[in-house]
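Read-outs throughout are calculated quantities, based only on the coordinates presented, and are distinct from any laboratory measurement. Here the structure is a predicted model, which means the values were calculated and not measured. Ideal geometry is used to build each Cβ from the backbone, glycine not excepted, and the neighbour counts take in all protein chains shown.
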Amino acid sequence: MMGTRRHPSRRKWRRILGDYVFLSPQLILYLVFTIIPFFVAVPILFTDRLTFFDNTVDYVGLANFKQILVEGSTTAKDFWPALERTVRFTVLNYVMVYVFGLTLALLMYQVGFRGGFFTIIYLPMMLSGLATGFIATMLFSRSTGTVNLLLLELGWIQNPIDLKLPTGTTVLLPILVGWRYAGFNLAIFLSGLVSIPTETIEASIMDGASYWQRLIKVYFPQMVPSFIIATIFCLIGSFGIFDELVAMGAMYGNQQALFLSILFFRYGFSQGRLALGMTLAMEVGIPLVILGVLLQRLQKRLQY
C-alpha cells in the first residue's frame, strides 16, 4: 500500500518564498553582470571584433586562441610575463593570508573576542583599492616617502625602495593587500576556530599537549574547510586585483605592475583588441572557475 504523498504546508511555502525573495537581489545582479555577459562574450571570442561598436566583424575561428601560443608574437610577449607576475603575486598573497589573517585569528581566539579590536583590523577593508594603492605610492615615494625616509635614516637601506622595480610588486604589494584584507581573513579563520568542539581542546589539554601540539594536531585539522574557503577567495582576489595596480602606475609605464587584469583591460578598452582581450580573460578564467568548484566541493565534503 502506497503512502499518501505529503505536500508542503502553507507555512513552509511561505518560508521558501521568503528565502527566494531574500536571495533575488543578489541573484539578479549575478545573472545581469556575470552569467549574461559570459554568454554574450562567447561568440565574440571567435571574431576579430575591435570594440563594442565595431560594425565590420569577421569570423576568425581559433585565431585568437592561437596567438598566445605563437612564440614571439606580441600577444605572447605580453601574456606570459603578465601571467608570471600574477602567479608570483598569488603565491605571496596566499602567504600573507596566513601571516595576517590566521595569526590575528589565533590571537583573538586565545585572548577572547574584542569588538573594538576586530573593528580596527577590519577598517582597511573600508578603503578602496585605489586609495590603498595611492597610500603605498606616497609612503614609498623615492624623494618624499615617509617609509623610505625613515628606513634611510635608520640605515636599514642604502637606496630608496622603488615601487617600479620588481621589489614593489613582488614584496610590497602582497603585504599591502594582506594588510587590507586582514579583517576579512580573520573572520574566516575565526569562524573555523570557534566551530571546534571545546571537548576536543579540553581533552588535549588534559593529556598534556602543548599549545603548538594542539595547534598542529587539533586546531588545524579541524580548520581545513576554513583554509579552503580562504584559498578560494585568495585566488579570486589575486587574479582580479586591479585598483592597487592602477595606483602603482600600471597604466603609465610601470611594467612590473602589468598583471593579467591590467592586460585584459588594455586589450579590451585601450588598444581596441576586444575579442583578443576577452579570449585571454576566458582562457585564464575557466581554469580558475574549475579549480574553485573543485575546492568548494572538497570543502563541503570535509565539512559535512
Rounded to the nearest 20 debye, dipole of the chain from Cβ charges on Lys, Arg, Asp, Glu: 1300 debye
27 Å Cα cut-off, lysine pairs counted over the chain (separation 8 or more, or different chains): 4
Calculated from DSSP H runs of 4 or more alone, at -39500 (n - 2.57) each and per residue, what is the 222 nm mean residue ellipticity of the chain, nearest 500? -19000 deg cm²/dmol
Considering the options 264, 224, 13, tell which one lies farthest towards the positive end of the dipole of the chain, charges being +1 on Lys and Arg and -1 on Asp and Glu at the Cβ, about the Cα centre. 13
Normalised by the residues of segment 70-303, what does the relative contact order come to in percent, with Cα pairs under 8 Å and at least six apart? 28 percent
Just tell me, in residue order, which DSSP H segments of the chain are both 27 angstrom or longer along the helix axis (alpha-carbon based) and at least -1.0 in mean Kyte-Doolittle hydropathy. 10-30, 74-96, 274-303
As an exercise, use a Förster radius of 35 Å and the Cβ-Cβ distance of residue 39 and residue 167 to find the FRET efficiency, rounded to the nearest 0.05. 0.25
Using every pair of alpha-carbon atoms in segment 219-304, split the distances into 10 Å bins beginning at 0 and state the percent of pairs per bin, rounded to integers. 16, 35, 26, 17, 6, 0
Each label sits 7 Å from Cα toward the beta-carbon; between residue 128 and residue 215 the label points are separated, in nm, by 3.9 nm
Can you list residues from other chains, or at least 5 along the same chain, whose modelled amide H is less than 5 Å from the amide H of residue 47? 60
Projected area averaged over all directions for the convex hull of the alpha carbon atoms of segment 5-64, nm², comes out at 7.6 nm²
Taking the C-alpha atoms of the chain, convex hull volume expressed per residue in Å³: 252 Å³
Inter-centroid distance (Cα atoms) of segment 115-133 relative to segment 158-196, Å: 12 Å
